[in-house]
Structures are given as structure tokens and as C-alpha cells.
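Working notes for the structure below.
The values are calculated or read from the model by the stated rules, or taken from the named source; none is laboratory data. The model shown is predicted, which means the values in this text are computed figures rather than measured ones. Cβ atoms come from the backbone with ideal geometry, glycine included; neighbour counts cover every protein chain shown. Ligands, DNA and RNA are stripped out before the accessible areas are found, and what is left, the full protein with its side chains, is counted by its heavy atoms. Shrake-Rupley method; radii C 1.70, N 1.55, O 1.52, S 1.80 Å.
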Amino acid sequence: MLTETTGRTPQDLAAELTGLRTVDDWPSVWSGPPQGGSAEFDAWCGRYGWEPLTFDRQLRVRTRSGGRWTFYDRIGGEWSPLVNLTHYPWQVRAGSAAENSEVLTTAAAVWPAHLEAAVGVLGAPTWTGPWDAPDFPEPPHPSYWHSRDARMRSRRPYQFAYWAPGADVSGQPFIVLSQSVAFPTWTADMPGGSAISLDVYAPEELQGSGR
């Protein structure tokens with residue numbers, strides 16, 4: 001039996017994206033949070049309704065709409081400067097290898113609804129398509145998504161959409177919605193799985209060497 005582990009829906013994804021659109025000072029987000037536990041840290045999180053869940057290595061928060069996000073910094077474990085925020089709106093895993101074909105069928109069924117939910121908030125994506133599309137775009141920065149060679153080896157991202165930021169607002173992120181299929185899913189002897197992730201990336205000039 002397949003197990004969906006997030007308990008979230010496409011409507012929840014739309015709510016998370018709507019919440020992101022309330023962020024009006026992305027440079028202050030990318031600069032990272034103040035010291036954990038301080039009044040400044042509480043104010044930084046509270047500005048957008050982010051409830052801190054952990055204080056180790058990566059900061060993890062819960063949003064007003066119930067989603068869980070992980071904040072990744074440039075170095076790893078330093079909290080600042082941040083390079084991307086990640087949320088999983090959907091994840092499923094198989095209980096046995098015999099269910100791997102069902103993982104693929106289910107993944108194909110859920111992707112369109114999540115993409116539609118994102119489009120409803122963000123508008124038409126800059127590009128969308130599957131991993132093997134001949135016009136699949138190369139990433140503007142290596143940390144944003146796999147280059148062609150890596151994608152051909154891993155089929156990841158399996159399905160993909162991204163929204164490029166406008167040039168008129170400082171610090172606006174690249175927003176990437178992608179679906180992955182775990183390697184065991186393609187085998188006959190290991191249970192697999194699939195996930196949809198929402199990644200919000202700092203602009204290229206703030207990425208440094210990436211994570």
C-alpha cells in the first residue's frame with residue numbers, strides 16, 4: 001500500500017504560495033535570521049508568520065497555512081546568508097517493490113493538480129515540462145536544478161516548472177516546482193517513492209558557490 005506522508009493537498013500548496021507573495025523584503029530573508037532565541041529572531045520569523053520548529057543545523061519553520069519549510073544557508077549550518085527555502089507539498093512511498101508501478105501512476109495523476117494550483121497563484125510558468133523534453137532549460141545557476149547530463153542519468157527532476165523573477169524588484173526569487181522519482185522506483189526489488197518539492201532560490205548574485 002502506498003503511503004502519502006505530508007497530508008497536504010494542491011489547495012494547501014496554493015496557500016503556501018499565497019503566503020510567499022506577502023514577503024515584501026526578500027533581501028532581508030536572504031541575509032538570514034538573527035541569533036536564534038533572540039527578540040530580533042522572533043521578530044524576523046513573526047513578520048511572515050513563520051513559527052520556528054528547530055534550532056539545529058538548518059532552520060525549519062511552520063507557516064500560517066501549516067506548511068513546513070527548511071531554510072538552507074550558503075555554507076551549511078550557519079543560518080546565513082540563505083540560498084533557498086524548500087517545502088514538500090506531496091510525498092508518497094511504496095510499501096514493497098510490487099507497488100513501484102503504482103508510484104509512477106500516482107505521480108502522473110497528482111502532478112497536474114499541483115501545477116494548476118501553482119499557476120493559479122503565480123500565473124503561467126516561465127517553462128514547464130518533463131525531464132526528457134528537448135527544450136528543457138539549463139539552470140541560470142548550478143544550484144537551481146540539474147544540468148542536462150545529470151538529468152539524463154537520474155531522470156530528475158521528473159516533472160518541472162519554474163517561474164523566473166522580474167528584474168524590477170530587488171531580491172525576488174526563482175520559484176521551482178518539481179517532481180522527483182526515487183531511484184528504487186525503477187527497480188523490481190526495492191520499494192520506491194516520489195515527491196513534489198517547492199524550492200525558492202535566492203537570485204544568482206546571492207548564491208555564491210551554491211549548496
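Which length gain, in nm to one decimal place, applies between A108 and D24 when the Cα-Cα distance is subtracted from 0.36 nm times their residue separation?
Stretched out fully, the A108 to D24 stretch lengthens by 26.8 nm.
At R0 = 22 Å, how high is the FRET efficiency between Y88 and E205 if r is their beta carbon distance? Nearest 0.05 is fine.
The computed FRET efficiency comes out at 0.20.
Expressed as a rounded percentage, what relative contact order does the stretch 70-199 have, with Cα pairs under 8 Å and six or more residues apart?
About 32 percent, as a whole number.
Accessible area of the chain with a 1.4 Å probe: how many percent of it is carbon plus sulfur?
Within the chain, the accessible surface is 51 percent carbon and sulfur.
Using a 1.4 angstrom probe and counting only protein chains, how large is the accessible area of V176 in Å², to 10?
My reading of the accessible area for V176 is about 0 Å².
How big is the dipole moment of the chain about its Cα centre under a simple scheme where the beta carbon of each Lys and Arg is +1, that of each Asp and Glu is -1, and everything else is neutral? Debye, nearest 20, please.
300 debye
For S197 and S31, calculate 0.36 nm times their separation in residues minus their Cα-Cα distance, and state this gained length in nm to one decimal.
57.5 nm is the gain from fully extending S197 to S31.
I want to check the label-to-label distance for D168 and F55. Put each point 7 Å from Cα in the C-beta direction and report it in nm to one decimal.
In this crude label model, D168 to F55 measures out at 4.3 nm.
Largest first, what is the accessible-area ranking of H141, H146 with a 1.4 Å probe?
Sorted by accessible area, descending: H146, H141.
Once R0 is set to 35 Å, what does the formula 1/(1 + (r/R0)^6) return for the Cβ-Cβ distance between D132 and E40, expressed as a FRET efficiency to the nearest 0.05?
0.15
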